[in-house]
Amino acid sequence: MRKYKFLILRRIIQLSILFLFVAGNYFGWELLRGNYSSAIIVDSLHLSDPYAILQILASGFLASSSVLIGALIILLIYVLVGGRMFCSWICPMNIITDLAFRLRRMFKIETEVRISLPRNFRYYILALSLIVSAVFGLAAFEIISPISMLHRAIVFGSGAGWAIVAVVFLIDLFILKAGWCGHICPLGGFYSLVGKQAVIKVKHDKDNCTNCMACFDVCIEEPVLSIVGKESDFIRSGACTNCARCIEVCDDNALKYALKFDLKK
Ligand code: SF4
Ligand code: SF4
């Protein structure tokens, strides 16, 4: 159980948010309505995805002041506190891509044709999405986002939504390890960039580390663990999702959550 405590907590939070969206749609509950790009809490507080708002602004449309304030609140939370925590604690696609990652590991699935993408590919997709939004006057990624698709599939029963989610799952399972979240998703890329200096980080203690590499085995962003076994420091890369899987599987107490207040690097 100790090895899964954060995982269980993350799933409870992710599924509770999904449940509240479903309940808002089917039972009229007002606790949480909308979607992952723009939601309203208790019919009063707007919360918006800052990347979605960036696309809307790039497309030439204006957002209302309540939506802009909602985006600013979310941005500040991730910039100052949580870094890329949206990915592992909120985003429903994380449940799907984690499953593919786990099955791939469990059944030792290796791709016949080796496909490699640089980890910063997502930043190009991020830039491209803003350019396409500006050129075509629409929020480009929002139209095809598997996150929105999964939300629509669950809340409205959209078949097209399930199809897109299945494609992402199969790519992750058979073609590219951690393909979507680790290489392609521009929203994950956005939070990687803005959350680099957030205060909640994973901290590594080299003196406790036995170099067993268990953390590498479970991490979808394994390059961020490059200091493991070499130096005691925070995992400073913004790409770390703060999922805490590395902490859970470490039997040597060499990894833990900690607060980082210095701005080194
Ligand atoms: S990388 Fe994208 S799809 Fe994956 S968890 Fe993060 S926001 Fe969700
Ligand atoms: S370093 Fe740890 S917390 Fe960060 S993404 Fe990897 S497993 Fe998750």
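Tabulated values for the structure
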read-out	value
Peptides ranked, highest mean first, by Cβ atoms within 10 Å: ranges 199-206, 155-162	199-206, 155-162
Fraction of alpha-carbon pairs over 19 Å apart in the range 58-164 - percent	66 percent
Sites ASP252 and ILE109, calculated FRET efficiency, Cβ-Cβ separation with R0 35 Å, nearest 0.05	0.75
Approximate shape of the range 130-192 as ellipsoid semi-axes (Cα gyration tensor, √5λ), whole Å, largest first	20, 18, 10
For the chain, cysteines whose Cβ has no other cysteine Cβ within reach (under 4.7 Å)	CYS87, CYS91, CYS181, CYS185, CYS209, CYS212, CYS219, CYS240, CYS243, CYS250
Residue order, fewest to most beta carbons within 10 Å, for THR241, THR111	THR111, THR241
Charge dipole (debye, nearest 20) of the range 214-265; +1 at Cβ of Lys and Arg, -1 at Cβ of Asp and Glu	300 debye
Cβ crowding within 10 Å averaged over residues, with 63-69, 253-259 ranked highest first	253-259, 63-69
Cα-Cα over 25 Å, subset of LYS177/LYS260; LYS5/LYS256; LYS108/LYS206; LYS108/LYS201; LYS206/LYS260	LYS177/LYS260; LYS108/LYS206; LYS108/LYS201
Cα pair distances of the chain binned at 10 Å [whole percent]	7, 27, 37, 22, 7, 0
Cα shape, the range 201-259, gyration tensor, a/c 1.5 rule	rounded
For the chain, with +1 on Lys and Arg beta carbons and -1 on Asp and Glu, the positive-most of SER59, ALA254, GLY159 along the dipole	ALA254
Three-way shape call for the range 1-53 based on the alpha-carbon gyration tensor, with the a/c threshold at 1.5	oblate
For the range 109-265, alpha-carbon Rg over 2.2 N^0.38 Å	1.19
Percentage of interatomic Cα-Cα distances in the range 14-108 larger than 23 Å	36 percent
Simple Cβ-charge dipole of the chain, Lys/Arg +1 and Asp/Glu -1, about Cα centre, in debye nearest 20	400 debye
Selection of chymotrypsin sites (Phe, Trp or Tyr not before Pro), the range 93-125, meeting DSSP coil and at most 10 other Cβ within 10 Å	PHE107
Theoretical gain in end-to-end length, SER64 to ALA166 [0.36 nm per residue, Cα-Cα removed]	33.3 nm
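No value in this document is a laboratory result; all are computed from the given coordinates. This one's a predicted model, so the numbers in the text were calculated from it and none came from an experiment. Here the Cβ is made from the backbone with ideal geometry for all residues, glycine too, and neighbour counts use every protein chain on show.
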